[in-house]
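Chemist: I have a structure I would like to understand better, so I am pasting it below and will then ask my questions one at a time.
Only the coordinates and a few stated rules stand behind these numbers; no lab work does. Predicted model, so just to flag it, every value in this text is computed and none were measured. Glycine gets a Cβ as well: all are built from the backbone with ideal geometry, and neighbour counts include every protein chain shown.
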Amino acid sequence: MKFLLENWRKLLEGEVIDFPHQPRISEADLQFIIMVEDSSTQRLKDAYGNISEVPIEKFEQLDEIMNDLEELLKK
């Protein structure tokens, strides 16, 4: 409640209220993730002989890994 009242006071007095920024990923890091995902998909395709033969669980695991990697690279 105190935080709300303090921000209300700042708003009334015309002070700038700092809002937290959303962590973002840089363009270079995003390109790195895309490259890693493409490379991993190609390796799965090579290992199973055909992309349609790769079990869906492998793609789900790869997706989880890529999401974790993206979270690690956010600034």
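Chemist: Which is in a helix (DSSP H, G or I) and surrounded by 11 or more Cβ atoms within 10 Å (Cβ to Cβ), of L72, L4, L12, L62?
Modeler: Residue meeting the stated conditions: L62.
Chemist: Could you give me the residue pairs with C-beta distances under 6 Å whose first residue belongs to the range 20-47 and is β-branched (V, I, T), whose second residue is in a loop (DSSP other than H, G, I, E, B) wherever it lies, and which are 6+ apart or on separate chains?
Modeler: Pairs found: I25/K74.
Chemist: Related question: For the range 30-59, what are the residues that are within 21 Å of the chain's Cα centre (by Cα), loosely packed, with under 12 Cβ neighbours inside 10 Å and not polar (S, T, N, Q)?
Modeler: Residues satisfying the conditions are I34, M35, D38, E57.
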